[in-house]
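Student: I have a structure here, written as structure tokens, and I will follow up with some questions on it.
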Amino acid sequence: METETCRPISKLASLAASIAFLFVFSSITSTEAYDSLDPNGNITIKWDIMQWTPDGYVAVVTMFNFQQYRHIQAPGWTLGWAWAKKEVIWSMVGAQTTEQGDCSKYKGNIPHCCKKDPTVVDLLPGTPYNMQIANCCKGGVINSWVQDPANAASSFQVSVGAAGTTNKTVRVPKNFTLKAPGPGYTCGLAKIVKPTKFTTQDGRRTTQALMTWNVTCTYSQFLSQKTPTCCVSLSSFYNDTIVNCPTCTCGCQNNITQPGSCVEGDSPYLASAVNGPGKSTFTPLVQCTSHMCPIRVHWHVKLNYKEYWRVKVTITNFNYRMNYTQWNLVVQHPNLDNLTTLFSFNYKSLTPYSSINDTAMLWGVKFYNDLLMEAGPYGNVQSELLFRKDQSTFTFDKGWAFPRRIYFNGDNCVMPPPDAYPWLPNASPHSLIPSSFPTMTFLVVLACVLL
């Protein structure tokens, strides 16, 4: 009888396992660059041909950051592509290629770059005016669309030779790559679109490009780094427990097998370690901690009032080699639709799905705390959030007061496991469901399958 009872269970278990297997592995490639909190976010590269030349054209290339909270920080973007034919770059304004390549066949005027696959970087601030165009020369830094829309684009001008001289003979480049500053972005094919139109400042005349194509690049944290870059710790006034970031969240401390992987905050060799190898490449040098993350976000449920409750948020930088300019934080919590007051941070509600208002973007006040300093006594920023209670949903029970997700500079931070959250004194996660219940269920199903 027991065997007969288990037969339908075994069939269902096998079917469920097959469906789960197909679902997981079929969704990996299609969702790795999808961000549910910013589903339409991308960087669009627009290539506008403004005039024809005897052997090619002059174009203005602009990168628009349409991501709400993800920006490109120092040392800035690096853009690459492969020419479709044997094009060369005669000159550039507002940017430069990192290598000239082999231009030995040219006499007299030497091209700026003869490589089949040029790599372009932005010029630095302070570049002479005759080498600038609008939206250039910011060291490759592009701010996010919500935080600073006026600086969410970067442009340069390029004069291309040995190319087509009409719309029918020009060939679009291929294999676009974007590093910001490292890997993480995947770019699609260049698509010819309607020519861009430009309106004069007085609004009385409109001109247009001779030809335009777009390239769309999307971000994937999975491609950007092998390990996480931030973590979240939790505490509350109603429980003495401080839930730290999970151990080895961003790597494990091991100065024996990997000397120099971290440095103690009170080490007498701190200055020499910070200025040692890796400084010029922005290689992280973190303070030795149990989690080894460059950034920790701490969420503390501070006070409870009759109609309100208060939270303190602290962002701590453990990276000795990085100042985070224009940092931002994205928080998902069901009570953000009743956020009443925010102290010393800027705030904007993000509603990727218009019917749900549970996500907010926070960032520093300009010239006050928009710069998160490197690890040390000044390497933190903090603020307090005051929420109005919604009596139909508000509770301190079962970890409701803690965020569902937190992003720092666009990267998802690792949260502690839910069963480790600070609980009310008269509640326990173990009293709600036995910790062995999933294991017992698995063993029963497994036994039935084997039978």
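The values are calculated or read from the model by the stated rules, or taken from the named source; none is laboratory data. Treat the numbers as computed from the prediction; the structure is a model and nothing was measured. Cβ atoms come from the backbone with ideal geometry, glycine included; neighbour counts cover every protein chain shown. Heads up: the accessible areas ignore ligands, DNA and RNA and are worked out on the full protein's heavy atoms, side chains in. Shrake-Rupley method; radii C 1.70, N 1.55, O 1.52, S 1.80 Å.
Student: Where in the stretch 53-167 are there strands (runs of 3 or more DSSP E), lying fully within it, with 3 or more residues that are more than 26 Å from T218 (Cβ to Cβ)?
Tutor: Here the list reads 56-65, 88-93, 153-161.
Student: Taking into account only those residues within the stretch 359-404 that are among the charged types (D, E, K, R) and within 22 Å of H71 (Cα to Cα), which is most open to solvent (accessible area, probe 1.4 Å)?
Tutor: Ranking the candidates gives K366 first.
Student: From the set of residues in the stretch 164-196 that are crowded, with 21+ Cβ neighbours inside 10 Å and of a type in the set (A, V, I, L, M), which is nearest to R70 (Cα to Cα)?
Tutor: Per the criteria, the residue is A180.
Student: For the stretch 344-358, which residues satisfy the criterion of being at pLDDT 90 or above and open to solvent by 50 Å² or more (accessible area, probe 1.4 Å)?
Tutor: Selection gives N346, Y347, K348.
Student: Would you check if there is a residue in the stretch 49-56 being among the hydrophobic types (A, V, I, L, M, F, W, C) and open to solvent by less than 40 Å² (accessible area, probe 1.4 Å)?
Tutor: Checked against the condition, which is being among the hydrophobic types (A, V, I, L, M, F, W, C) and open to solvent by less than 40 Å² (accessible area, probe 1.4 Å), the stretch 49-56 yields at least one hit.
Student: Could you run through the stretch 375-400 and say how many residues are in a loop (DSSP other than H, G, I, E, B), closer than 29 Å to W145 by Cα and among the hydrophobic types (A, V, I, L, M, F, W, C)?
Tutor: 1
Student: If you scan the stretch 168-198, which residues turn out to be among the polar types (S, T, N, Q) and part of a strand (DSSP E or B)?
Tutor: Once the filter is applied, which keeps residues that are among the polar types (S, T, N, Q) and part of a strand (DSSP E or B), the stretch 168-198 yields N175, T177, T186.
Student: Please count how many residues of the stretch 288-307 are farther than 30 Å from S267 by Cβ and of a type outside the set (D, E, K, R).
Tutor: Selection size over the stretch 288-307: 4.
Student: Going by the structure shown, is P39 farther than 18 Å from Q157 by Cβ, in a loop (DSSP other than H, G, I, E, B) and of a type outside the set (V, I, T)?
Tutor: Working: farther than 18 Å from Q157 by Cβ: yes; in a loop (DSSP other than H, G, I, E, B): yes; of a type outside the set (V, I, T): yes.
Yes, satisfied.
Student: Still on this structure, please answer the following. Please state which one of G203, G161, G108, G126 is small (G, A, S) and in contact (Cβ under 8 Å) with a residue 12 or more places away in the chain.
Tutor: Going through G203, G161, G108, G126 in turn, the sole match is G161.
Student: Would you mind stating whether N254 is modelled with pLDDT of 90 or more, out of contact with any Cys (no Cβ under 8 Å at 6 or more places or on another chain) and of a type outside the set (S, T, Y)? I'd like the intermediate steps shown before the answer.
Tutor: Working: modelled with pLDDT of 90 or more: no; out of contact with any Cys (no Cβ under 8 Å at 6 or more places or on another chain): yes; of a type outside the set (S, T, Y): yes.
No, not satisfied.
Student: Could you list, in sequence order, all residues of the stretch 308-343 that are open to solvent by 10 Å² or more (accessible area, probe 1.4 Å) and touching a His at 6+ places or on another chain (Cβ under 8 Å)?
Tutor: K312, T314, T316, Q326
Student: What strands (runs of 3 or more DSSP E) lie completely within the stretch 287-374 and have 2 or more residues being under 20 Å from S36 (Cβ atoms)? Give the derivation first.
Tutor: On the way: elements: 295-304, 308-317, 328-332, 339-342, 345-350, 359-364.
Correct list: 328-332, 345-350, 359-364.
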